[in-house]
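Only one structure is covered here, and it is reproduced in the block below.
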Amino acid sequence: MTASGTPAAGSASVPHLDVDPFDMTFFADPYPTHERLREAGPVVYLDKWNVYGVARYAEVHAVLNDPATFCSSRGVGLSDFKKETPWRPPSLILEADPPAHTRTRAVLSKVLSPTVMKQVRDRFAAAAEERVDALLDKRSFDAITDLAEAYPLSIFPDALGLKAEGREHLIPYASVVFNAFGPPNELRQQAIARSAPHQAYVAEQCQRDKLAPGGFGACIHAQVDEGAITATEAPLLVRSLLSAGLDTTVNGIGAAVYCLARFPDQWQRLRDDHSLARNAFEEAVRFESPVQTFFRTTTRRSARARRC
Ligand code: 8QM
């Protein structure tokens, strides 16, 4: 619909679905709902949250590659920053459009360049070996807490240059970040309501004087001296690493182990040929989130509300 209430060309055919992909029952078995979202049409409308969504590869790809039409600066979750106050200052990397995004992205690309990755690779590999050896001694372990969470926690905060105290806030903080992308349901409201101590920890540890020399955090702050970013921007870019660096890794490793446990033939193939490891990991992560489904908030009367 246009702002005047007249149906725009083609909009009459957008199917309305009564599914809620943010409900706890959805998470228990998401695949049938993902399929319904894909099969209903290239664009769907969810009456529950008043959002348009796309669930097919072509449309998701088109949306993700057209920031002029589908902006990120008004938020990438269901909340529209133009209408609602964000729960935290917006991310300079995620919740930004070109050219602002291009500049901050260049800084992170430099700090996390292939050359730098080569330098830290051995340390990450040694920590992985250590974790596996400890688990082999135990014979039986919880793959989520003792591997998927424990491994990144044993090395990523050190690589960033975080002090030892307070690291228990990291996973809860990431959990708030991801739950806050959803609609204003119980999950989101509860997460934000309990976020104050986690936010306080993160805000404090992102400051320059808190980050150990040589770490990714200190490298980001060093970009202030190069004139690439301001002293106000640097802590927010460190915050991006704290927001998105841990949770994604935990979920990736967790998904990989979960998939290999459910598909023993694939596990055997991997054991026979370790060169399959990279593809096995990527495939497991894809399998656990079979589609990127995109939702955009808008009022019924203004389909263009989110276009910047
Ligand atoms: C998710 O804070 C951030 O910059 C940020 C938070 C979450 C992500 C990315 C960036 C999408 C992977």
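Taking every pair of distinct Cα atoms and averaging 1/r, then inverting, what Kirkwood hydrodynamic radius in Å comes out for the stretch 30-77?
About 11.7 Å for the stretch 30-77.
Arrange 286, 121 by Cβ neighbour counts within 10 Å, fewest through most, would you?
Least crowded to most crowded, the residues run 121, 286.
Can you give me the Rg/Rh ratio for the chain, using Cα atoms for both radii and the Kirkwood formula for Rh?
Taking Rg over the Kirkwood Rh, I get 0.98.
Starting with the fewest neighbours, write out 36, 239 ranked by other beta-carbon atoms found within 10 Å of each beta-carbon. Show your work: numbers first, answer last.
Details: 36 15, 239 24.
Fewest-to-most ranking of 36, 239: 36, 239.
Just order 268-275, 18-25 by mean Cβ neighbour count inside 10 Å, highest at the front, would you?
18-25, 268-275
Over what distance in Å are the Cα centres of the stretch 41-65 and the stretch 221-292 separated?
Using only Cα atoms, the two centres lie 25 Å from each other.
What are the ³J(HN,Hα) values, in whole Hz, obtained from phi via the Karplus relation 6.51 cos²θ - 1.76 cosθ + 1.60 with θ = phi - 60°, for each residue of the stretch 178-189 in sequence order, with x given for Gly and Pro?
Values, residue by residue: 6, 5, 6, 6, x, x, x, 9, 4, 4, 6, 4 Hz.
Restricting the count to DSSP beta bridges whose residues both fall in the chain, what percent are antiparallel, rounded to a multiple of 5?
Close to 80 percent.
Just rank 263, 70, fewest to most, by other beta-carbon atoms within 10 angstrom.
Numbers: 263 15, 70 19.
Arranged by neighbour count, lowest to highest, 263, 70 become 263, 70.
Bin width 10 Å, origin at 0, all Cα-Cα pairs of the stretch 101-250: what percent of pairs per bin?
10, 35, 35, 17, 3, 0
Would you calculate a helix-derived [θ] at 222 nm for the chain, using -39,500 (n - 2.57) for each DSSP H run of n ≥ 4 and dividing by the full residue count, to the nearest 500? Let's see the in-between values first.
Numbers: 14 runs with 158 residues, N = 308.
When only DSSP H runs of four or more count, the value is -15500 deg cm²/dmol.
Largest first and to the nearest Å, give the Cα extent of the stretch 17-157 along each principal axis.
Cα extents, longest axis first: 52, 40, 31 Å.
What are the extents of the Cα atoms of the stretch 56-111 along their three principal axes, in Å, largest first?
Each principal axis gives a Cα extent; for the stretch 56-111 these are 34, 29, 16 Å.
Bear in mind these aren't lab numbers, they're just calculated from the coordinates by the rules spelled out. All values derive from a computational prediction rather than experimental measurement. A quick note on method: Cβ atoms are made from the backbone with ideal geometry, for glycine too, and the neighbour counts reach across all protein chains shown.
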